[in-house]
Amino acid sequence: MTITTRFAPSPTGYLHVGGARTALFSWAFARKHGGKFILRIEDTDLERSTQESVDAILQGMTWLGLEYDEGPFYQTQRFDRYREVIQQLLTQGDAYYCYCSKEELEQLRAEQMVNKEKPRYNGLCRDGAQVIEGRKPVIRFKNPVDGVVTIPDLVKGEIAVANKELDDLIIARADGTPTYNLTVVVDDMDMGVTHVIRGDDHINNTPRQMNILKALGAELPKYAHLPMILGADGARLSKRHGAVSVMQFRDDGYLPEALLNYLVRLGWSHGDQEVFSIDEMVGYFELEDVNVSASTFNMEKLLWLNHQYIMNSDPAHVARHLSWHIGQLGIDPADGPTLIDVVKAQRERSKTLVEMANASVYFYKEFDMYDEKAAKKNFTMGSDIVLARLYDEFVAVDDWQDEALHHIVVNLAEDMALNLGKVAQPLRVAVCGSAVSPAIDVTLALLGKEKTLSRIQRAIDYSRSLNLVGLSG
């Protein structure tokens, strides 16, 4: 038997982190067991489904690197197949037409609520509906009334539901369109899905779907219901908790591997290990190790993980993702040092790629002004002399490498009997515009000789004008 899993989002919004975790667990399980991973777009909700949402789902899956083996399949392209199955159920006597009006059903529900009964359809049309002219019927599945549905859940353990607790759900609306519980069953059956991995908000649907599968003579898949993800306040994760869209994490400067690593640890563990490579996630993953209880989303933990990945991943890989963020700032990365070198220089101090991009702008573009506090502190009386000496030394350098530049800065400090900071900091502000940058020799090497000399000369002029103003005051 080939293990087959699926991820089946509804295109009514972005790909959120809960959906991404479901996709990850389904993908990892299939990869672990040499199986297939299918992407299915459940777009039968014609009023809410949008192409924009489909694109967002596909974009999120691509960014995360969760490649699928088959699909994407679209349910709206399978209506003929659903009608065929609905007709089969009608012919078998496992489905029936229901002419009850919306008003009648609402009245029934109200009466049940008053009587403290569980709201459910009372089966009025189950044994033969009276045809009502001018009213289009829905089609209901004739759920068994006796016995128990047992779900041997791979995460939560055995779950038993009495059939008398399940009503006859609608499988086709009055306009003929199939409903969720019918389309899911047909798709899982036709696509040979062996393991349905999804959120535990679907547990109520599972016994109903199992009964439909049994009526169709299909083999039942194994089910694994994942615990929900909560926000820090204990409520279910939602927009109000911040970045819950997968692509928002991209926009905020997270690496996809860091997000995947964080998501795989939301409800699953392998000993005390916190950081996993993609291969380790696949190699260690088993559904039996998924926790039963809900998990809390912790942005600080994710940020820590992201920093680990930025520091320890192949700089070329980080650079590929940094390129997009540099481009968002209106910068062509070809107008300065290679992004790989920038990553190497900035990774220790950057927790996100947004931070790294913003901190690297001066490598590619001239800055309009100096940081006021940094300039006031470092462009003091005599700093122009230090910068002028540095300028003369740098002009003579032919091999513009960080080691040679380091020696110039250190030797000049010794020659002028100054603390190294009295030389390096005015130089840093001169070339960067602020008092923060990688090591000064690395910074100069990345900037290049031409930009360095131009900015030092600019700083000399600025420092002299600043101190002249001070003297005149």
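The values are calculated or read from the model by the stated rules, or taken from the named source; none is laboratory data. Computed from a predicted structure; not experimentally measured. So basically every Cβ, Gly included, is an ideal-geometry build from the backbone, and we count neighbours across all protein chains shown.
Below is a table of values for the structure above.
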item: Out of Ile385, Ile460, Ile408, Ile456, sole residue that is over 28 Å from Asp335 (Cα atoms) and either part of a loop (DSSP other than H, G, I, E, B) or in the same structural domain as Ala334 (by TED's automatic domain parsing) (or both); result: Ile385
item: Candidate set from region 77-102 (those that are among the basic types (Lys, Arg) and modelled with pLDDT of 95 or more); member that is nearest to Ala218 (Cα to Cα); result: Arg81
item: Evaluation of Lys102 against (1) surrounded by fewer than 14 Cβ atoms within 10 Å (Cβ to Cβ); (2) among the basic types (Lys, Arg); (3) under 30 Å from Phe249 (Cα atoms) (one fails), failing number; result: (3)
item: Members of region 381-399 that are farther than 12 Å from Val423 by Cβ and among the hydroxyl-bearing types (Ser, Thr, Tyr); result: Tyr391
item: Whichever residue in region 327-382 is assigned to a helix (DSSP H, G or I) and of a type in the set (Val, Ile, Thr) and, among such residues, is farthest from Ala435 (Cα to Cα); result: Ile340
item: Among residues of region 50-108, those that are of a type in the set (Lys, Arg) and in contact with a strand residue (DSSP E or B) (Cβ under 8 Å, 6 or more places away or on another chain), counted; result: 1
item: In region 112-149, the residues that are within 43 Å of the chain's Cα centre (by Cα), among the charged types (D, E, K, R) and surrounded by 15 or more Cβ atoms within 10 Å (Cβ to Cβ); result: Arg120, Arg140, Lys142
item: Any hit, region 101-111, residues being assigned to a loop (DSSP other than H, G, I, E, B), farther than 20 Å from Thr206 by Cβ, over 42 Å from the mean Cα position of the chain (by Cα) and not polar (S, T, N, Q); result: no
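Yes/no matrix, rows are residues, columns are (1) assigned by TED's automatic domain parsing to the domain that holds Pro137; (2) not in a strand (DSSP E or B):
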| site | (1), (2) |
| --- | --- |
| Gly34 | no, yes |
| Ile38 | no, no |
| Ser49 | no, yes |
| Ser53 | no, yes |
| Leu58 | no, yes |
| Glu67 | no, yes |
| Pro72 | no, no |
| Ile86 | yes, yes |
| Leu89 | yes, yes |
